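Taken together, the values in this text are just the output of simple stated rules run on the coordinates, not laboratory data. Bear in mind the structure is a predicted one, so any value in this text is a computation, not a measurement. Cβ sites come from the backbone with ideal geometry, for glycine too, and all protein chains shown count toward neighbours.
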Amino acid sequence: MTSVRHSWGEPARFEHKSERECRRCGMVKVTRHEAEGPRDVHWTEFWRDCEQLPAQPTPPCDARREVQS
C-alpha cells in the first residue's frame, strides 16, 4: 500500500526559516537556517495542530484531514 504524498504550498520566508503547509493535510514543514560559529546549520521540523512531530523520517500525509481552501 502506498501513502498519499505531501503537496507543499509556496514557502512563507522569514529571516532564519521558511514554512510550507501541505495542501492535503495541513501539516507545516519548517526549514530552519542558522549560523553556529563559522558554519551554517540547517534542519527541518514538522508541526500539526500546534504539536511538533518527529522529523525523521518525514511524517506521512493524512489526506483524510483535507484542508479546505
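Points worth noting:
- Sorting H6, H33 by the number of Cβ atoms found within 10 Å of their own Cβ, with the fewest placed first, yields H33, H6.
- For the range 12-59: relative contact order, % (alpha-carbon pairs under 8 angstrom, 6 or more apart): 24 percent
- For the chain, built as a Gaussian network whose Cα springs stay under 10 Å, the top-fluctuating residue of E45, E19, E36: E36
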